[in-house]
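The values are calculated or read from the model by the stated rules, or taken from the named source; none is laboratory data. Quick caveat, the model's predicted, so the values are computed rather than measured. Virtual Cβ from ideal backbone geometry, glycine too; neighbours counted across all protein chains shown. Side chains included, ligands, DNA and RNA excluded: accessible areas come from the protein's heavy atoms. Shrake-Rupley method; radii C 1.70, N 1.55, O 1.52, S 1.80 Å.
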Amino acid sequence: MAAKMHPGTVESAVPRLQLLDEQGTVHEDPTFSPFVEDVDTVELKGLYRSMALARRVDEEATSLQRQGQLVLWVPLRGQEAAQVGSAWATEPTDRIYPSYREHAVVFHRGVKPGELLQLFRGHTAGGWDPNEHHVNLYTMVLASQVPHAVGYAMGTALDRKAAEDAGEQVSETPEAVVAYYGDGASTEGEIHESMVFAASYDAPVLFFVQNNQWAISVPFSTQSRVPLATRAAGYGFEGLRVDGNDILAVLAATRYALDKIRRGEGPVMIEAETYRMGAHTTADDPTKYRQRDEEEQWGTLDPLERLEMFLRETHHVGDEFFDSVTNEGREMADELRADVLAMVPPTFDEFFDKAYADPHSLIDAERAECLDYQAGFAPQDDQDDSGSEGAHA
Amino acid sequence: MKQLTIAKAINAGLSRAMEENPKVMLMGEDIGSLGGVYRVTEGLKDRYGAHRVLDTPLGEAGIVGTAIGLAERGYRPVCEIQFDGFTFPAFNQITTQLAKIHARSDGNLTVPVTIRIPYGGVIGSVEHHSESPEALFAHTAGLRILAPSNAQDAYWMSQQAIECNDPVIIFEPKRRYWLKGDVDENQPTGDPFSAAVVREGQEATIVAWGPLVPVALAAAEAAREDGRSVEVIDLRSLSPIDFDTVTASVRKTGRLIIAHEAPTFGGLGGEIAARVTERAFYSLEAPVLRVGAFHMPYPPAAVEEHYVPDLDRVLEALDRSFAY
Ligand SMILES: Cc1ncc(C[n+]2csc(CCOP(=O)(O)OP(=O)(O)O)c2C)c(N)n1
Ligand SMILES: [Mg+2]
């Protein structure tokens with residue numbers, strides 16, 4: 001679906017890549033089709049499974065939030081193809097810098113839903129060790145993570161050069177970095193600086209923007225007159241625009257981009273055009289700013305339904321597979337719910353230890369003051385706690 | 001022992017850090033071929049290569065933001081901000097990211113980025129080239145702040161900041177860049193996050209840092225000629241602050257004057273005054289007094305001498321203190 005155009009726009013166009021259309025028909029593209037040539041039924045089922053499980057977790061988290069078990073939830077519904085397709089193309093060593101809605105990306109890379117939900121339960125601002133899965137943490141200040149991705153990418157290139165200069169064996173697959181952000185975030189100045197730095201240093205980084213048409217209540221036409229992908233040319237690197245609800249197009253474009261990036265040809269940008277089918281967060285009310293018919297129109301473009309149709313009609317995948325995914329999703333959701341209810345909240349004084357890496361005199365003094373103050377209440381606290389196992393649930 | 005200017009001492013400190021650790025790199029505007037507008041990094045690009053001394057594109061958020069990513073990759077970047085007043089395009093990266101990533105990651109990530117900021121006034125320049133924004137950063141948990149006042153500290157603090165696993169901002173006293181002093185390259189100064197008694201005295205204490213330390217010392221000398229014995233503390237670290245050293249001094253002298261170039265209102269002097277009053281209330285012979293700049297944007301060069309505290313303003317505060 002085409003976005004509304006800003007009046008007075010000087011057109012600047014980048015063709016929109018689509019490989020699997022809304023009717024489930026595959027189109028050939030000489031540049032991009034070869035990147036998904038090897039995607040067989042088994043792999044397509046894997047892609048579908050990842051998308052469907054992410055959606056099931058999303059639904060469970062929304063209901064956990066409604067029941068007061070999470071402080072907030074950020075639904076991803078509608079963006080599964082953009083997220084799974086792009087993450088699928090990465091190597092486990094490629095560093096990912098997510099924004100805050102990339103649940104399907106982080107799950108694909110090994111972060112457990114229960115780890116992520118610690119953040120949304122209000123137990124941590126992080127949730128996992130970024131060095132374990134090479135997935136950085138959610139960053140709530142829009143666009144702030146993007147220059148970090150560029151710097152990290154600069155570091156991977158420096159490391160590789162240093163190793164080569166020292167005559168050391170280097171991996172055949174150079175590392176790449178993926179920075180995720182949204183159409184709203186694309187307006188932040190840090191995106192501009194990130195692109196300039198990435199271009200100047202040929203940083204091996206992919207700028208992956210999910211244009212879900214909305215930044216809370218503000219439509220895309222307020223952020224940009226032209227597709228965001230066109231901006232890449234202004235920085236001197238390639239920008240691709242894809243149907244973000246077409247998993248094959250997203251996968252092909254991301255593989256193409258990462259190949260190019262690994263060859264040392266510098267950054268690439270991908271704009272995946274998709275739609276935030278749900279509310280911005282569980283605290284949002286989209287009826288205040290967008291029309292039901294727009295939602296309905298995009299509803300017909302659901303990325304899961306498109307892939308399901310393709311699997312059923314072209315790859316003859318039957319109910320058995322879809323039922324098994326549904327069952328797996330249910331089990332996963334039950335497990336997640338149990339995990340969330342069993343989470344043990346952190347104690348306040350732990351946070352003194354996390355503020356700094358090295359010893360710090362003010363932290364030591366304030367921790368001692370705080371513990372001393374709390375100790376004054378200790379006997380009462382003990383009484384309150386006794387026999388209230390699971391009180392936090 | 002070597003005689004070096006503060007600028008040359010920083011240069012030597014950075015150079016030594018780069019020599020000892022290949023992960024140390026410098027980033028900033030005009031710091032490579034030009035050696036920085038104050039020539040602090042002169043010669044380092046030739047010595048260590050353009051891949052370790054980056055003449056970056058012109059964007060402070062980009063400089064600090066990419067430095068964070070490099071630090072997450074295992075590097076120890078040192079960013080130069082060209083002038084104090086140009087720190088603010090990077091304010092978001094410094095306060096919402098750099099300061100918080102260690103805590104956000106429950107301690108899993110460290111971001112040992114050093115940010116060097118030439119700061120302070122009385123250099124006869126134009127707007128935004130003379131500011132003292134240290135309180136804005138001291139107020140942000142997760143950052144550390146150093147303010148060397150002499151060549152020895154400049155040499156060692158540059159290296160200690162880089163070695164520190166937390167982000168460190170170094171406010172460099174730009175009007176004293178050419179002040180010479182002894183540098184002992186074999187004898188590191190101790191804990192950089194501690195204050196130093198730089199002149200002993202019995203009747204009053206002046207706390208100062210960076211460019212005002214020589215002013216405080218001159219005030220103590222002038223007071224001696226009037227028969228008064230004044231102690232001077234070089235605070236050295238602005239976050240954390242070594243309150244123990246300051247409190248011990250005030251317990252002895254009973255009087256405290258805090259002098260800084262930043263505006264008095266909301267400045268670090270207020271924090272020091274409050275802590276010392278809490279800890280040494282019964283030792284105080286007079287209220288703690290602050291000498292700082294006025295609550296206005298830094299004025300044009302023609303009148304800046306009235307804005308930044310000088311010897312006379314510190315002496316006047318001493319007189320007021322002794323009058324109690
Ligand atoms: C710097 C900053 N400004 C404002 C916000 C509040 N905010 C959170 S999400 C959001 C909209 C973001 O839209 P977009 O980048 O398109 O991402 P999406 O939510 O659509 O995934 C806003 C304004 C923020 N988190 N950070
Ligand atoms: Mg959006």
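Condition check: open to solvent by 10 Å² or more (accessible area, probe 1.4 Å), within 25 Å of residue B:79 (Cα to Cα) and more than 14 Å from the chain's Cα centre (by Cα). Does residue B:226 satisfy that?
Working: open to solvent by 10 Å² or more (accessible area, probe 1.4 Å): yes; within 25 Å of residue B:79 (Cα to Cα): no; more than 14 Å from the chain's Cα centre (by Cα): yes.
The answer is no for residue B:226.
Pull out all pairs, ordered by first then second residue, where Cβ-Cβ is under 8 Å, the residues are six or more apart or on different chains, the first lies in the stretch B:225-244 and is within 14 Å of chain A (Cβ to nearest Cβ), and the second is in a strand (DSSP E or B) and among the basic types (Lys, Arg).
What qualifies is B:237/B:144; B:239/B:144; B:240/B:144.
Within the stretch B:150-205, which residues are of a type in the set (Ser, Thr, Tyr), under 17 Å from residue B:246 (Cα atoms) and surrounded by 20 or more Cβ atoms within 10 Å (Cβ to Cβ)?
Filtering the stretch B:150-205 for residues of a type in the set (Ser, Thr, Tyr) gives B:155, B:158, B:177, B:189, B:194, B:205.
When the remaining residues are screened for being under 17 Å from residue B:246 (Cα atoms), the result is B:194, B:205.
Hit for the stretch B:150-205 is B:205, nothing else.
Just to be sure, is residue A:365 open to solvent by less than 70 Å² (accessible area, probe 1.4 Å), of a type outside the set (Lys, Arg), without any contact (Cβ under 8 Å) to a residue 24 or more places away in the chain and assigned by TED's automatic domain parsing to the domain that holds residue A:69? Walk me through how you get there before you give the answer.
Numbers: open to solvent by less than 70 Å² (accessible area, probe 1.4 Å): yes; of a type outside the set (Lys, Arg): yes; without any contact (Cβ under 8 Å) to a residue 24 or more places away in the chain: yes; assigned by TED's automatic domain parsing to the domain that holds residue A:69: no.
No, not satisfied.
In the stretch B:137-165, what residues are in a helix (DSSP H, G or I) and within 11 Å of chain A (Cβ to nearest Cβ)? Explain how you work it out, then say what you get.
Of all residues in the stretch B:137-165, those in a helix (DSSP H, G or I) come to B:137-138, B:151-163.
Hits for the stretch B:137-165 are B:138, B:160, B:163.
May I ask you to list the residues in the stretch A:257-282 that are surrounded by fewer than 24 Cβ atoms within 10 Å (Cβ to Cβ) and within 16 Å of ligand 2 (Cβ to nearest atom)?
Selection gives A:277, A:278, A:279, A:280, A:281.
Go through the stretch A:153-179 and give me each residue that's free of Cβ contacts under 8 Å to residues at least 12 places away in the same chain and under 26 Å from the mean Cα position of the chain (by Cα).
Residue satisfying the conditions is A:155 alone.
Which one is nearest to the other protein chains (Cβ to nearest Cβ) among residues in the stretch B:59-79 that are outside any helix (DSSP H, G or I) and open to solvent by less than 10 Å² (accessible area, probe 1.4 Å)? Write out each step before concluding.
Going through the stretch B:59-79, the residues outside any helix (DSSP H, G or I) turn out to be B:59, B:73-79.
Retained after the next criterion (residues that are open to solvent by less than 10 Å² (accessible area, probe 1.4 Å)): B:59, B:77-79.
On the way: B:59: 4, B:77: 8, B:78: 14, B:79: 11 Å.
Once the filter is applied, the top-ranked residue is B:59.
Of all helices (runs of 4 or more DSSP H) completely enclosed by the stretch A:77-127, which ones contain at least 1 residues that are of a type in the set (Phe, Trp, Tyr), within 16 Å of ligand 1 (Cβ to nearest atom) and modelled with pLDDT of 95 or more?
Numbers: elements: A:80-88, A:103-108, A:113-120.
Result: A:113-120.
Among the residues of the stretch A:146-160, count how many are more than 8 Å from every other protein chain (Cβ to nearest Cβ) and of a type outside the set (Gly, Ala, Ser). Step through it out loud before you land on a result.
Our first condition is that a residue be more than 8 Å from every other protein chain (Cβ to nearest Cβ); within the stretch A:146-160, this holds for A:157, A:160.
Narrowing the set further to residues that are of a type outside the set (Gly, Ala, Ser) leaves A:160.
Residues flagged as more than 8 Å from every other protein chain (Cβ to nearest Cβ) and of a type outside the set (Gly, Ala, Ser) within the stretch A:146-160 amount to 1.
What is the one condition in (1) of a type outside the set (A, V, I, L, M); (2) open to solvent by less than 10 Å² (accessible area, probe 1.4 Å); (3) not in a loop (DSSP other than H, G, I, E, B) that residue B:102 does not satisfy?
Every listed condition holds for residue B:102 apart from (2).
Return the residue satisfying two criteria in turn: it lies in the stretch A:189-207 and is touching a strand residue (DSSP E or B) at 6+ places or on another chain (Cβ under 9 Å) and among the aliphatic types (A, V, I, L, M), and of such residues it is surrounded by the fewest Cβ atoms within 10 Å (Cβ to Cβ).
Filtering the stretch A:189-207 for residues touching a strand residue (DSSP E or B) at 6+ places or on another chain (Cβ under 9 Å) gives A:191, A:194-195, A:198, A:201, A:203-207.
Of the ones still in play, those that are also among the aliphatic types (A, V, I, L, M) are A:191, A:195, A:198, A:203, A:205-206.
Details: A:191: 22, A:195: 25, A:198: 32, A:203: 26, A:205: 33, A:206: 28.
Per the stated criteria, the residue is A:191.
Six or more apart or on different chains, Cβ under 9 Å: which pairs go from a residue in the stretch A:181-203 that's closer than 11 Å to residue A:146 by Cα and not assigned by TED's automatic domain parsing to the domain that holds residue A:267 to one that's open to solvent by less than 10 Å² (accessible area, probe 1.4 Å) and away from ligand 2 (no atom under 11 Å from the Cβ)? Could you list them?
Going by the 9 Å Cβ cut-off, there are no qualifying pairs.
Residue B:110 versus (1) open to solvent by less than 10 Å² (accessible area, probe 1.4 Å); (2) within 14 Å of chain A (Cβ to nearest Cβ); (3) not in a helix (DSSP H, G or I): which is the lone unmet condition?
(1)
Looking only at residues in the stretch A:65-82 that are within 15 Å of ligand 2 (Cβ to nearest atom) and of a type outside the set (D, E, K, R), which one is farthest from the other protein chains (Cβ to nearest Cβ)?
Among residues in the stretch A:65-82 that are within 15 Å of ligand 2 (Cβ to nearest atom) and of a type outside the set (D, E, K, R), the one farthest from the other protein chains (Cβ to nearest Cβ) is A:78.
Can you give me the number of residues within the stretch A:148-187 that are within 16 Å of ligand 2 (Cβ to nearest atom) and not hydroxyl-bearing (Ser, Thr, Tyr)? Quick ask: steps written out before the conclusion?
So the first thing to find is which residues in the stretch A:148-187 are within 16 Å of ligand 2 (Cβ to nearest atom), and the list is A:179-187.
Checking which are not hydroxyl-bearing (Ser, Thr, Tyr) leaves us with A:179, A:182-185.
So the answer is 5.
I want to confirm something. Restricting to the stretch A:207-221 and keeping residues that are away from ligand 1 (no atom under 11 Å from the Cβ) and away from every other protein chain (no Cβ under 14 Å), which single residue is farthest from residue A:291 (Cα to Cα)?
Within the stretch A:207-221, the first condition is being away from ligand 1 (no atom under 11 Å from the Cβ), and the residues that meet it are A:207-208, A:221.
Filter again for away from every other protein chain (no Cβ under 14 Å), leaving A:208, A:221.
Working: A:208: 27, A:221: 15 Å.
Ranking the qualifying residues of the stretch A:207-221, first place goes to A:208.
Can you pull out the residues in the stretch B:20-64 that are closer than 16 Å to residue A:195 by Cα and touching a Phe, Trp or Tyr at 6+ places or on another chain (Cβ under 8 Å)?
Step one: list which residues in the stretch B:20-64 are closer than 16 Å to residue A:195 by Cα, which gives B:56-64.
Passing the criteria: B:56, B:57, B:59, B:60, B:62.
Quick one: which strands (runs of 3 or more DSSP E) lie wholly within the stretch A:169-282 and hold at least 3 residues that are aliphatic (A, V, I, L, M) and modelled with pLDDT of 95 or more? Explain how you work it out, then say what you get.
Working: elements: A:177-182, A:205-211, A:238-243, A:268-273.
Strands (runs of 3 or more DSSP E) meeting the threshold: A:177-182, A:205-211, A:268-273.
Considering the stretch A:94-110 alone, what residues qualify as being away from ligand 2 (no atom under 16 Å from the Cβ) and either small (Gly, Ala, Ser) or open to solvent by less than 10 Å² (accessible area, probe 1.4 Å) (or both)? Spell out how you get there, then give the answer.
First, the residues of the stretch A:94-110 that are away from ligand 2 (no atom under 16 Å from the Cβ): A:94-97, A:106-110.
Across the stretch A:94-110, the qualifying residues are A:94, A:95, A:96, A:97, A:106, A:110.
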